[in-house]
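Bear in mind that the values in this text are calculations on the coordinates, not laboratory data. Worth saying up front: this structure is predicted, and the values here are computed from it rather than measured.
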Amino acid sequence: MLLIVVLPSTLIFLWYSGGFYSTKILILAPSLITALSLGPWAGLLMAAFTGSFVFYIDLLHHSPLPKDLFQTDLFLILVNFLLTWFTGGVMAVEQSTQKVLARLAEEDQVTGLYNHRYFQENLSLRLKDNLDAPLSLALLGIDQFKYINASYGFEVGDRVLEEMGRFFEKAIRPPCG
C-alpha cells in the first residue's frame, strides 16, 4: 500500500522538479520499499525503472547529456542498486530465519515431533474451526521415565524418546477429512 503512494508521488516530484539534482535521491524510496515488501528481485526491477526514469528526465532537460551529470546519475543509480540488493538480501535472510525459528519453537529437538506448544495452539484452532466435528485425543506417557534417565543417563533416555516418537509416527494414521 505504501508503494502505491510513494512511487507515483516520487515520479511526479522528479518530473516537476526538472533537473534539480537533490531530488534524484528520492529514487531510493520506491526501490527500498519494493525490496522490503516484495523481495530483492522486485526491488532491483524497481531500481532499474526509477533509474531509467532519472535518465529520461535528464535527457529531456539537457539535450546532449553533460558528462558530469551522466556520472552523477550513474553513481546514484548504482548506489540505488546496491542498497536495494543489500536490503532485499537482508530481508530474505530475516524471513528464512523466522521460518527456522518458528519450526524450532514447535518441534521437539530430540524426537523431531511436534511439542506441547504446537499441540495447544493447533487444538484450540481446530476446536474453533470444527465445533461439530468429532475429536479423538489420546494422551500417552512413559511410566517411570525419570528413572531411565537417572539409571542409564540422558543419552539413553533421548534414544528411548526417539524410538517412541518413530513408533507412534508410524502407527498413527493422519486424520480423515
Per GNM of the chain with C-alpha springs under 10 angstrom, the most fluctuating residue out of I57, I148, I33 is I148
How big is segment 33-118 by the Kirkwood estimate over distinct Cα pairs, in Å? 15.7
Using the Kirkwood radius over Cα pairs, work out the Stokes-Einstein diffusion coefficient for segment 82-130 at 10 °C and 1.306 mPa s, in µm²/s as a whole number. 122
Normalising by the residue count of segment 1-83, find the relative contact order in percent from Cα pairs under 8 Å and 6+ residues apart. 30
Kyte-Doolittle mean at least -1.0 and Cα extent at least 18 Å along the axis: which DSSP H helices of the chain qualify? 2-17, 40-61, 67-106, 154-171
Using only Cα atoms, what is the ratio of the radius of gyration of the chain to 2.2 N^0.38 Å? 1.83
Computed from the mean reciprocal separation of all distinct C-alpha pairs, what Kirkwood hydrodynamic radius does segment 1-58 have, in Å? 11.3
Whole-Å distance linking the alpha carbon centroid of segment 108-177 with that of segment 25-66 is 53
